[in-house]
Amino acid sequence: MTIRSTSAGLALAALALSGCVTRADFNTQNQQTRSLLQDNRRQIEAVQREVERLRGTVEEGGPRTKGSPSVDERLSAHAQRVQALDGGKPADGTAPVDTGGTTATTVVVGSTPTTTLPPAPPKPPAEDDDEWRREVAREQAAVGAMNVAERGDYLAMLDGLARKDCGKAVPQLNGFASSKKDSPLADNALYWVARCYSLKGDQNQAISKYYDVVTRYPKGDKAPAALWAQGNLFVDMGDTPDARLAFSKLIRDYPGSDEAARARQKLSTL
């Protein structure tokens, strides 16, 4: 197609130099050249779409075989395992595995066994105080610009979060999310509950809450951030397969988000 469009341009230039070109000839040749360029663009766009499709396939671990679980199904299965571990009971189809003093749980998802490690022992908060306060401040600024009736109640809870008073904030945020399920701030409340669990070192509870954000409010503004945080928690726990699932879902469902751009870079290191 490049040769054809170049040839058309050369023919037009030759006519012009010979002095024989008329306006009609010029318009006809110009239209043909434009048509060839449009064909080129359409072909390029088709190739780009195919590249994106193949990239998505690679990021999700290759093409699915018949009967294999989807990314959503595998993440859902993991959330169920997390909830079972938090309750102290094995989920259906699980069996305890001796890991040398700790107990892990092996679950067969589709045809692939997956082992979930128990919660890591609490460790000193890794969150930087200044960054935590900046994130809370950004949340306060965003919510302050919203015109919703429950804005004042939510902002009051953010004041506690700014002081990292998660012991008081978590039940308040959970109550807010439960009583105001249709509020545009409900997903925000659940997200900050997860952030508090992560701050305390309770990764399993944090992962479960992030999962709630994504499944209950997939169109909310906190869904990409929840998947990003969830994937990073999996990385911290040494669970690379589930980290890849979370990042792949983030890229697939929210491709234009800032978190998706970071997830693409993160996947290349896993």
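Note on region 155-178: residues that are in contact (Cβ under 8 Å) with a residue 12 or more places away in the chain and open to solvent by less than 70 Å² (accessible area, probe 1.4 Å) amount to 14. Of the residues screened, residue 187 is not one that is in contact with a helix residue (DSSP H, G or I) (Cβ under 6 Å, 6 or more places away or on another chain), open to solvent by 10 Å² or more (accessible area, probe 1.4 Å), in a helix (DSSP H, G or I) and of a type in the set (D, E, K, R). For residue 217, the test of being at pLDDT 95 or above and closer than 20 Å to residue 161 by Cα is failed. The sole residue among 224, 218, 241, 255 that is farther than 24 Å from residue 140 by Cβ and part of a helix (DSSP H, G or I) is 241. For region 224-248, the set of residues classified as open to solvent by 20 Å² or more (accessible area, probe 1.4 Å) and of a type in the set (Phe, Trp, Tyr) consists of 228 only. Evaluated against (1) of a type in the set (D, E, K, R); (2) without any contact (Cβ under 8 Å) to a residue 60 or more places away in the chain; (3) open to solvent by 40 Å² or more (accessible area, probe 1.4 Å), residue 252 falls short on exactly one condition, (2).
Of all the residues that make up region 121-145, how many are modelled with pLDDT of 50 or more and surrounded by 13 or more Cβ atoms within 10 Å (Cβ to Cβ)?
Result for region 121-145: 7.
The values are calculated or read from the model by the stated rules, or taken from the named source; none is laboratory data. Here the structure is a predicted model, which is why all the values come from computation and not from measurement. In this analysis, Cβ positions are derived from the backbone assuming ideal geometry, glycine residues included, and neighbour counts consider all displayed protein chains. With ligands, DNA and RNA removed, areas are computed over all heavy atoms of the protein, side chains included. Shrake-Rupley method; radii C 1.70, N 1.55, O 1.52, S 1.80 Å.
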